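**Q** Questions regarding the structure given below will be posed in turn.
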Amino acid sequence: MSDNKLMTVAALEEKCTKIRCDLLNFIYNIGMGHLGGELSMVEVAVALYYKYLNYSVHDPKNPDRDRFILSKGHCSETLYTIFADQGAYTMEYMIEHFETLDTAKFGMHSNRKYVPQIEVSAGSLGHGLPIAVGYALGARKQQKTYRVYVMTGDGELNEGTNWEAIMAASHYGLGNLVLIVDKNGLQMTGKTEEIMNIDPLDQRLEAFGWEVITIADGNDMAQVCAAFDKLPPVNISEKRKPVAIIANTVKGKCVDFMEHNHKWHGGGIAKEQLDQALACVVKYSKEKKR
Amino acid sequence: MSVKTTFDFDQMLSNAREAYGEELFRMAEEGLDFIFTYTDNVAPSSSAGKLLKKYPERCFNFGIAEPNQVGASCGLALSGEVVYSQVFGPFLSLRSADQIHTDIAYNDVNVRLIGTHAGVTAAGGPTHNCIADLALYRAIPNLTVVVPADAAQCCKVIRQSYTFQGPMVIRIDRGGSPNVYADDDYEYQIGKAIETLPGTDLTIISAGSSVYWSLMGAKILKEKHGISARLIDMHTIKPLDVDMILKCARETGNVFTVEEHSINGGLGSAVAEVLCEAGFSGRFKRIGLPDEFAVLGDPDEVYKYYGMDPEGIARTIVDVMSKPKLL
């Protein structure tokens, strides 16, 4: 079912550059977004949608598809940009139908009924992981071998519902569930460690009965791919530890004036900033190639 | 439609909390496929416990963690399952309000949330009272809210909800409430109110186990005061059977509501909104729990204290009917 596949790290990196540029243009045109977290998750999202997910944007209801649930639903524009790049929509169509009352298809927080490629309508934090637990239980009951991936932010893990779900996932031995934490270290008003420290996250997850894979640099495609390559095959007939991938990323990645700056959590972008941001992304890409 | 009530019978206790489990078990035995999620309050010895024993692969205990249970039920439904999810009522509505709103209703999934211990039936004081849930549910789009009057009707709801499209809350009491209907040989349709008792002087609109108290209250009105009260079983709170409310208001001129819920935001409020917007000028009174945390005591005593027992209902109605209207 999968198309748009890219198998090499170089090709995936090239795709990240395009997605970042398209995303910035998209946010500039729609006037709102959450660029900090949308830029930090690009490598993981690209790795999933262009290599690891058994998924096609052209067949979004295929019963055997892998499920990717974006719990940090305020970062949906990264997914929309990928869907457009993979041919589900044009950028013009998405801009034209962004939060336009009764003709809207796309929103700052995603809605699965408007955008069939979205698995779960999200926006309120702390919801995706419990839903993913249910999804994984359903898959097991139906003897389906697809994997359920869910991405949360790190600030999002302040929400207690995540820990209820983390407890339940290991209790039920959901080896078909993968939690990805986009750990960019910042939340809306500052550093996660200062607002509500979640560390040592790896040890906490392990103590809850999870297997943890840590990506030292979650914006390095080779490291991201190495992490996904470590995932054990789904064996629906046996209970095993669920897997958490902690991706240490940089909020606002590739745009120097956004990086490590919580003030770029949400908002729009001016034309001058857009040009500057695009130049940063291109420069980063060239340096990476060298 | 005529229905046979237990009006002339001694109290025949039923138990909706047992009945829903029996019905789910029957459905499973018939080969219907569904998932059952639950909190740590389903006893192995209960009828739902039979389901757990015989069909463990489709039953999931979420412990004492209602938001996760409701969220996971959404995920199970998204995977293609019909999900019945039993939660202790006050903790369903209050603790999991966010999940009901966002996971179940906004995602518009086939989850039937069974909230138990309606009103003050749990006993144990206000932490375990379920008095604000209907006010919350009424404001959540996509949600259908059903409050069966007795155990047999609960079975009908459980059965009918299997093929129902969209999210639903089924509100039942702790158990041990009287049967309203003498048998289950009557037509039941979610969203369509039942005229439980004919009457001409006024209409009582009720739901849940207070339908039985209203029935007995109507008996007192007839026998002691010569007042002919019609009784409507408004088992579906949302969407409300507006046509039935307006028909009764037109035909009887006076409307009373009885509910085991705060008088703010529940059935009484819903009926008042309909009547007011239609220009109703008859007598109207909400009977239910007042705007205070309830006194402590045995549920029957608490309901009596607040005038929600048959004598209290009759007393309030006679009082309102005998006084001139303010407007």
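The values are calculated or read from the model by the stated rules, or taken from the named source; none is laboratory data. Being a predicted model, the structure only gives us computed values, none of them experimental. Counting neighbours? That spans all protein chains shown, and the Cβs are built from the backbone with ideal geometry, glycine included. Ligands, DNA and RNA are excluded from the accessible area calculation, which covers all protein heavy atoms including side chains. Shrake-Rupley method; radii C 1.70, N 1.55, O 1.52, S 1.80 Å.
**Q** Using a cut-off of 28 Å between alpha-carbon atoms, which lysines can reach B:Lys54, once sequence neighbours fewer than 8 places away in the same chain are excluded?
**A** Within the straight-line limit of under 28 Å, B:Lys54 reaches these lysines: A:Lys141, A:Lys144, A:Lys239, A:Lys241, B:Lys156.
**Q** Which value in Å does the Kirkwood hydrodynamic radius of chain B take, with 1/r averaged over all unlike C-alpha pairs and then inverted? Kindly include the intermediate steps, with their values, before the conclusion.
**A** Values: mean 1/r = 0.0506 Å⁻¹.
After inverting the mean inverse Cα-Cα distance, the result is 19.8 Å.
**Q** Got a sec? Charge dipole of the protein assembly as shown, +1 on Cβ for Lys and Arg, -1 for Asp and Glu; which of B:Gln69, A:Tyr28, A:Tyr49 is way out at the positive end?
**A** Value: A:Tyr49.
**Q** What's the center-to-center distance, using Cα atoms, between segment B:105-157 and segment B:81-100 in Å?
**A** So the separation of the two Cα centres works out to 9 Å.
**Q** Let me know the shape class of segment B:25-144, please: from the alpha-carbon gyration tensor, a ≥ b ≥ c as square roots of the eigenvalues, rounded when a/c is under 1.5, otherwise prolate if a/b is greater than b/c, or oblate. Could the numbers behind the result be given before it?
**A** Numbers: a/c = 1.99, a/b = 1.20, b/c = 1.65.
Verdict is oblate for segment B:25-144.
**Q** Below 8 Å between Cα atoms, with a sequence gap of 6+, how large is the relative contact order for chain A in percent? If you can, show how the numbers build up before the last one.
**A** Details: 562 pairs, mean separation 68.5, N = 290.
Averaging sequence separation for qualifying contacts and normalising by length gives 24 percent for chain A.
**Q** Which order do B:Tyr162, A:Tyr146 take by accessible area at a 1.4 Å probe, largest first? Display every interim value, and only then the final one.
**A** Details: B:Tyr162 50, A:Tyr146 5 Å².
If we order B:Tyr162, A:Tyr146 from most to least accessible, we get B:Tyr162, A:Tyr146.
**Q** Still on this structure, please answer the following. Return the long-range amide H neighbours of B:Gly125 (sequence gap of 5 or more, or a different chain), with a cut-off of under 5 Å between placed amide H atoms.
**A** B:Gly297
**Q** From the gyration tensor of the Cα coordinates in segment A:14-120, what semi-axes in whole Å does the equivalent ellipsoid have, largest first, with each one equal to sqrt(5λ)?
**A** 19, 17, 12
**Q** Right, something else. Rank these residues by their accessible area, most exposed first, probe 1.4 Å: B:Phe256, B:Phe280, B:Phe88.
**A** Values: B:Phe256 0, B:Phe280 55, B:Phe88 35 Å².
Order by accessible area, largest first: B:Phe280, B:Phe88, B:Phe256.
**Q** With every protein chain present, what is the per residue accessible area of chain B (1.4 Å probe, Å²)?
**A** 38 Å²
**Q** Let me ask something additional. Give me the aspartates and glutamates in straight-line cross-link reach of A:Lys61: C-alpha distance below 18 Å, same-chain residues under 8 apart excluded.
**A** Candidates past the 8-residue exclusion: A:Asp3, A:Glu119, B:Glu81, B:Asp108.
**Q** If you don't mind, there's one more thing I want to ask. At a threshold of 8 angstrom on Cα-Cα distance, excluding pairs fewer than six apart, so keeping six or more, what relative contact order does segment B:116-164 reach in percent?
**A** Values: 23 pairs, mean separation 9.2, N = 49.
It rounds to 19 percent for segment B:116-164.
**Q** Quick one: ranking B:Glu273, A:Glu43 by accessible area, 1.4 Å probe, largest first, what do you get?
**A** Numbers: B:Glu273 90, A:Glu43 10 Å².
Most to least solvent-accessible, the answer reads B:Glu273, A:Glu43.
**Q** Can you pull the percent of the protein assembly as shown's accessible area that's carbon plus sulfur, 1.4 Å probe, other chains left in place? The partial results should precede the final answer.
**A** Working: 12200 of 23580 Å².
With neighbouring chains kept in place, the figure for the protein assembly as shown is 52 percent.
**Q** Moving on. Hey, what do the phi angles of segment B:156-168 turn into as Karplus ³J(HN,Hα) couplings, whole Hz, using 6.51/-1.76/1.60 and θ = phi - 60°, x for Gly and Pro?
**A** Values, residue by residue: 4, 5, 4, 5, 5, 5, 4, 9, 6, 9, x, x, 8 Hz.
**Q** Excluding ligands and nucleic acids, what accessible area in Å² is computed for A:Val178 using a 1.4 Å probe, to the nearest 10?
**A** 0 Å²
**Q** Could you report the accessible area of A:Ile195 in Å², rounded to 10, computed with a 1.4 Å probe on the protein chains as they sit in the structure?
**A** Around 70 Å² of this residue is reachable by solvent.
**Q** Give, as a single signed number, the net charge of other residues whose beta carbon lies under 13 Å from the beta carbon of A:Gln187, with Lys and Arg counted +1 and Asp and Glu -1.
**A** -1
**Q** Using a cut-off of 15 Å between beta-carbons, work out the net charge of the residues near A:Cys75 (Lys and Arg +1, Asp and Glu -1, A:Cys75 not included).
**A** Numbers: positive: A:Arg20, A:Lys72, A:Lys183, A:Lys251, A:Lys253; negative: A:Asp22, A:Glu38, A:Glu43, A:Glu77, A:Glu119, A:Asp154, A:Glu156, A:Asp182.
Around A:Cys75, the surrounding residues sum to -3.
**Q** Hey, how much of the P(r) for segment A:237-290 falls beyond 14 Å, as a percent of Cα pairs?
**A** When all Cα pairs of segment A:237-290 are counted, 67 percent exceed 14 Å.
**Q** Which of the GluC sites (Glu not before Pro) found in segment A:94-203 are in a DSSP loop and have at most 16 neighbouring Cβ atoms, other than their own, within 10 Å?
**A** Working: sites: A:Glu96, A:Glu99, A:Glu119, A:Glu156, A:Glu159, A:Glu164, A:Glu193, A:Glu194; in loops: A:Glu99, A:Glu119, A:Glu159.
Those satisfying the criteria are A:Glu99.
**Q** Something else: Output the relative contact order of chain B, whole-number percent, from Cα pairs under 8 angstrom with separation of 6+ residues. Each step should come with its number before you reach the end.
**A** On the way: 723 pairs, mean separation 57.2, N = 327.
The value is 18 percent.
**Q** Relative to the compact globular guide of 2.2 N^0.38 Å, what is the alpha carbon radius of gyration of segment B:120-194, as a ratio?
**A** Ratio of Cα Rg to 2.2 N^0.38 Å: 1.20.
**Q** Counting only complete DSSP H runs, which helices of chain A cover 24 Å or more along their long axis at the Cα atoms and score a mean Kyte-Doolittle of -0.5 or above?
**A** Numbers: long enough: A:9-30 (31 Å, 0.40); A:271-289 (27 Å, -0.89).
Sorted by number, the helices that extend far enough and score high enough are A:9-30.
**Q** How many nm separate the modelled label positions at B:Ile64 and B:Ser281, each set 7 Å beyond the Cα in the direction of the Cβ?
**A** 5.7 nm
**Q** Per Stokes-Einstein, at 20 °C and 1.002 mPa s, what whole-number D in µm² s⁻¹ belongs to segment A:9-289, with the Kirkwood radius over Cα pairs as the hydrodynamic radius? Mind dumping the intermediate values first?
**A** Values: Rh = 18.8 Å.
The estimated diffusion coefficient comes to 114 µm²/s.
**Q** Using the Cα centre as the reference, give the magnitude of the dipole from point charges on the C-beta atoms of the protein assembly as shown (Lys, Arg: +1; Asp, Glu: -1; all else neutral), rounded to the nearest 20 debye. Write down the numbers at each step before the final one.
**A** Working: 61 positive and 77 negative charges, 121 e Å.
The dipole of the protein assembly as shown has a size of about 580 debye.
**Q** Right, something else. Note down the accessible area of B:Lys247, probe 1.4 Å, to the nearest 10 Å².
**A** Its accessible surface works out to 80 Å², give or take rounding.
**Q** List the residues, sorted by chain then number, that are 5 or more residues from B:Ile114 or on another chain and whose placed amide H is less than 5 Å from its amide H.
**A** Under 5 Å from the amide H of B:Ile114: B:Ser85, B:Gln86, B:Val87, B:Ile170.
**Q** If amide H atoms are built 1.01 Å from N in the plane of the peptide, which residues on other chains or at least 5 residues away come under 5 Å of the amide H of B:Ile205?
**A** B:Ile232, B:Phe256, B:Thr257, B:Val258
**Q** Assign unit charges at the C-beta atoms only (+1 for Lys and Arg, -1 for Asp and Glu), then state the dipole size of segment A:145-287 relative to its Cα centre in Debye, rounded to the nearest 20.
**A** On the way: 14 positive and 20 negative charges, 64 e Å.
Dipole magnitude for segment A:145-287 comes out near 300 debye.
**Q** Could you tell me which residue out of B:Thr39, B:Ile140, B:Ile232 lies farthest along the dipole of chain B toward its positive end? Charges go on the beta carbon: Lys and Arg +1, Asp and Glu -1, centred on the Cα centre.
**A** Of B:Thr39, B:Ile140, B:Ile232, it is B:Ile232.
**Q** Could you give the dipole magnitude of chain A about its Cα centre, charging the beta-carbon of Lys and Arg +1 and that of Asp and Glu -1, in debye to the nearest 20? Please list the in-between numbers first.
**A** Values: 32 positive and 36 negative charges, 144 e Å.
I would put it at about 700 debye.
**Q** While we're looking at this one, here's another question. Please provide three numbers in whole Å: the alpha-carbon extents of segment A:16-73 along the principal axes, with the largest listed first.
**A** 36, 21, 19
**Q** Same structure, new question: When chain B is treated as a GNM, springs tying every alpha-carbon pair under 10 Å, which of B:Gly226, B:Gly119, B:Gly175 comes out with the largest mean-square fluctuation?
**A** Between B:Gly226, B:Gly119, B:Gly175, it is B:Gly226 that shows the largest mean-square fluctuation.
**Q** Taking +1 at the Cβ of each Lys and Arg and -1 at the Cβ of each Asp and Glu, which of A:Ile236, B:Ile131, B:Gly49 sits farthest along the dipole of the protein assembly as shown towards its positive end, judged by Cα position relative to the Cα centre?
**A** A:Ile236
**Q** Could you please report the charge total around A:Pro232, scoring K, R as +1 and D, E as -1 over all other residues with beta-carbon less than 13 angstrom from its beta-carbon?
**A** Numbers: positive: A:Arg147, A:Lys230, A:Lys239, A:Arg240, A:Lys241; negative: A:Glu211, A:Asp229, A:Glu238.
Residues close to A:Pro232 contribute a combined charge of +2.
**Q** Continuing with this model, one more query. Take the alpha carbon atoms of segment B:200-281, find their radius of gyration, then divide it by 2.2 N^0.38 Å using N residues; give the quotient. Write down the numbers at each step before the final one.
**A** Working: Rg = 12.1 Å, N = 82, 2.2 N^0.38 = 11.7 Å.
The value comes to 1.03.
**Q** Now for a different question. Measuring with a 1.4 Å probe in the full set of protein chains, what accessible area per residue, in whole Å², belongs to segment A:9-289? Don't skip to the answer; put the middle values down first.
**A** Values: 10250 Å² over 281 residues.
About 36 Å² of surface per residue is accessible.
**Q** Moving on to the next point. What does the C-alpha gyration tensor say about the overall shape of segment B:287-327? Classify as rounded when a/c is under 1.5, otherwise prolate if a/b is larger than b/c, or oblate. Provide the component values of the computation, followed by the final result.
**A** Details: a/c = 4.72, a/b = 1.89, b/c = 2.50.
Verdict is oblate for segment B:287-327.
**Q** Please compute the length gained on full extension between B:Leu94 and B:Thr163, using 0.36 nm multiplied by the number of residues separating them and subtracting their Cα-Cα distance.
**A** So the extension gain works out to 22.1 nm.
**Q** Still on this model: What does the C-alpha gyration tensor say about the overall shape of segment B:49-109? Classify as rounded when a/c is under 1.5, otherwise prolate if a/b is larger than b/c, or oblate.
**A** Details: a/c = 2.51, a/b = 1.32, b/c = 1.90.
It is oblate, given that a/c is not under 1.5 and a/b is not larger than b/c.
**Q** Return the Cα extents of the protein assembly as shown along principal axes one, two and three, sorted largest first, each rounded to a whole Å.
**A** Largest to smallest, the principal-axis extents are 96, 54, 43 Å.
**Q** Please report the orientation-averaged projected area of segment A:95-186, defined via the convex hull of its C-alpha atoms, in nm². Can you show the working numbers first?
**A** On the way: hull surface 28.9 nm².
Averaged projected area of segment A:95-186's Cα convex hull equals 7.2 nm².
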